[in-house]
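Working notes for the structure below.
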Amino acid sequence: MKLKKRILLAIATSTVLVTVVLVLDVQTRLNYPGNLHVPAKAPVKYSFRQRHLQKMSNGSRDASLAVSASGQLSAASDDPTHTSPPGGGTMLGEDPTSGRKELRATGTEPPDPYHDLQEIVAKVEKLSKRSGRTRNHWNPTVGELLGRDSRENATLWDDFHLSMSQDELYGARDPTVNRLLKYMTTLPISHISQKEGGTQIKLTIEFIDGGRALFKPMRYPREQQTLKNQFYFTDFERHNAEIAAFHLDRLLGFRRTVPTVGRTVNITRELYMVAQGDLLSTFFFSPEKNHCFHGKCSYYCDTSHAICGSPDMLEGSFAVFLPGENEVPRVSWRHPWRRSYSRRRKAQWEEDDDYCKTVKIRHPYSEGRRLLDIVDMSVFDFLIGNMDRHHYETIKMFGNNSAPLHMDHGRGFGKAFHDEASILAPLYQCCVMRHSTLATLLRFYTGPERLSSAMLASLASDPLQPVLWPPHLSALDRRLNFVLQVTRKCLEGVEDPSRVIIRDNH
């Protein structure tokens, strides 16, 4: 009996001691959150972004900006359950697909009001009003330079072409755009042809009134994302990305993207019946009796990459055609931050911390508006996740004062849970931003209407709504917050903020 009592006493004592140790361990972890276990893949991801964005050997300011940017993104990227607003904290969460513990945003901290950036914007606006530069800015239109006013017998398409200006493709209150969007969803199609160039099939649509639009067919459902092991230049283009990009461009006040709208077409009655030549020969019926076609091009134009209806109804984006090259010529420019489009080789800007210095001394970036326009474009591309910006165009008659056109966004909105910091290289390497752009970003971040809400309201007017998968809307707010963080980083240690936030007229 004495032996049994001793054994029971020993077991009870051991249990109490183990319990005390566990309680102390839990308390220690709660009191010292810095001891939280960071997943093993985090340092690898961080190191990759270090190497991918900048060389860190010289410790330059541009390099520190890039690494700071990529480090802040790691907690919000690649997280299918991340829905917290900007400014949230972090906690340990479990990935439902892998079961691994990872750092997650909690959204418990209030969003940063960015009072410092708002004060800088207010000062710049005050200086602009004093100088009167905004009142003296000249923004000619195509019609003015061609000496052609809108006539009574002019079509709606003619009115749009003649009203295109140096700073924008259409005015903020121009009623022509909404009428064009309605036209493209209702007008009967009289002829189609395959547009030349590019790696994927696109159709030129001609309407019965003579207007033309560029048709990009549906390839993916809304929720399908770019595969993780797929390069950006091999991804299919998304018709809904073109539609969403137009709405975002208009909300941000750029108005440099051609009006684009969604439409559901009947392949049999609206495409096959008016197709001709080589394109006509590519129409067929699939084993499921769906009507399909694949066109003829250098890539992705074969039976295995065919575009099929359900059974013959097909979604697509319709973008207004710009005037012809003979009437309004355009100039194509190689983007200075163009990617290498190689699986192994990197572009110069990815390895040179001082790359922006070489850009600034080259025409047309050495003077005028063009560098600020490129930064605007990088912010826009970052918000939609577009890495495929190799060239851009300007309208020749406006010379170097022409705003670049924002075109070809089919590879945007491909990854809702990944934010590609390198798209912002023009911003964090050059550290300049147009003050009107910053003012708009702050307005959509601080409210009363957030960017995601404004986009949702704007896209509600499109016939194909919902245009975006909800996680893409959440990504807009998250990425907007990140752009403001990078801008604030650019201003650190700068005595004169006007060297970073540039007073502008357009």
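I'd like the full set of residues that are assigned to a helix (DSSP H, G or I) and under 18 Å from Leu214 (Cβ atoms), limited to segment 177-199.
First, the residues of segment 177-199 that are assigned to a helix (DSSP H, G or I): 177-186.
Within segment 177-199, Val177, Leu180, Leu181, Lys182, Tyr183, Met184, Thr185, Thr186 meet the criteria.
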Quiz item: Can you tell me which residues in segment 167-182 are open to solvent by 10 Å² or more (accessible area, probe 1.4 Å) and within 15 Å of Pro323 (Cα to Cα)?
Solution: Glu168
Quiz prompt | Filtered residue count, segment 206-231, keeping only those that are over 28 Å from Leu169 (Cα atoms) and outside any loop (DSSP other than H, G, I, E, B) | solution = 0
Quiz item: When residues of segment 453-498 are filtered for being touching a His at 6+ places or on another chain (Cβ under 9 Å) and either modelled with pLDDT under 95 or not aliphatic (A, V, I, L, M) (or both), how many remain?
Solution: 7
Exercise. Report whether or not Gly385 is on the phi > 0 side of the Ramachandran plot and surrounded by fewer than 23 Cβ atoms within 10 Å (Cβ to Cβ).
Key: no
Quiz item: Considering only residues of segment 441-451 that are open to solvent by 20 Å² or more (accessible area, probe 1.4 Å) and assigned to a helix (DSSP H, G or I), which is modelled with the highest pLDDT?
Solution: Arg443
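Residues are listed down the side, and each one gets a yes or a no for (1) assigned to a strand (DSSP E or B); (2) open to solvent by 20 Å² or more (accessible area, probe 1.4 Å); (3) in contact (Cβ under 8 Å) with a residue 60 or more places away in the chain:
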site	(1), (2), (3)
Lys289	no, yes, no
Cys297	no, yes, yes
Tyr300	no, yes, yes
Ser317	yes, no, yes
Ser342	no, yes, no
Thr358	no, yes, no
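Would you mind finding the one in Met387, Met377 that is at pLDDT 95 or above and among the aliphatic types (A, V, I, L, M)? Talk me through it step by step, then tell me what you get.
Working: Met387 fails: at pLDDT 95 or above.
Only one candidate passes the filter, namely Met377.
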Exercise. Output the number of the condition that His418 fails; it satisfies all remaining conditions of (1) open to solvent by 10 Å² or more (accessible area, probe 1.4 Å); (2) at positive phi; (3) within 16 Å of the chain's Cα centre (by Cα).
Key: (2)
Quiz item: Which of the residues belonging to segment 191-211 are exposed (fewer than 15 other Cβ atoms within 10 Å of the Cβ) and under 21 Å from Phe160 (Cα atoms)?
Solution: Ile208, Asp209, Gly210
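Looking for something on the phi > 0 side of the Ramachandran plot and modelled with pLDDT of 95 or more - is there at least one such residue anywhere in segment 264-282?
No, there is no match, as no residue in segment 264-282 is on the phi > 0 side of the Ramachandran plot and modelled with pLDDT of 95 or more.
Out of Thr268, Thr282, which single residue is part of a helix (DSSP H, G or I) and more than 29 Å from Gly385 (Cβ to Cβ)?
After applying the criteria, what remains is Thr268.
Might you let me know whether segment 493-506 holds any residue that is touching a Phe, Trp or Tyr at 6+ places or on another chain (Cβ under 6 Å) and touching a residue at least 24 places away in the same chain (Cβ under 8 Å)? Outline the logic, then answer.
Let us first name the residues in segment 493-506 that are touching a Phe, Trp or Tyr at 6+ places or on another chain (Cβ under 6 Å), namely none.
Taking every residue of segment 493-506 in turn, none turns out to be touching a Phe, Trp or Tyr at 6+ places or on another chain (Cβ under 6 Å) and touching a residue at least 24 places away in the same chain (Cβ under 8 Å).
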Quiz item: Hey, any hits in segment 270-281 for a residue that's surrounded by 12 or more Cβ atoms within 10 Å (Cβ to Cβ), acidic (Asp, Glu) and out of contact with any helix residue (DSSP H, G or I) (no Cβ under 6 Å at 6 or more places or on another chain)?
Solution: yes
Practice problem: Output the number of residues of segment 319-335 satisfying the condition of being in a loop (DSSP other than H, G, I, E, B) and of a type in the set (Val, Ile, Thr). | Solution: 1
Quiz item: For Glu237, which of the numbered conditions (1) charged (D, E, K, R); (2) surrounded by fewer than 22 Cβ atoms within 10 Å (Cβ to Cβ); (3) at pLDDT below 95 fails to hold?
Solution: (2)
Practice problem: Quick one: Pro217 ticks every box in (1) in contact with an Asp or Glu (Cβ under 7 Å, 6 or more places away or on another chain); (2) open to solvent by less than 50 Å² (accessible area, probe 1.4 Å) except a single one, so which number is it? | Solution: (1)
Quiz item: Restricted to segment 455-506, and to residues that are out of contact with any Leu (no Cβ under 8 Å at 6 or more places or on another chain) and basic (Lys, Arg), which residue is surrounded by the most Cβ atoms within 10 Å (Cβ to Cβ)?
Solution: Arg478
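The values are calculated or read from the model by the stated rules, or taken from the named source; none is laboratory data. A quick note: this is a predicted structure, and the numbers were derived from the prediction, not measured. Note: ideal-geometry Cβ built from the backbone for every residue, glycine included; neighbour counts use all protein chains shown. Accessible surface is based on the protein model in full, side chains and every heavy atom, while ligands, DNA and RNA are left aside. Shrake-Rupley method; radii C 1.70, N 1.55, O 1.52, S 1.80 Å.
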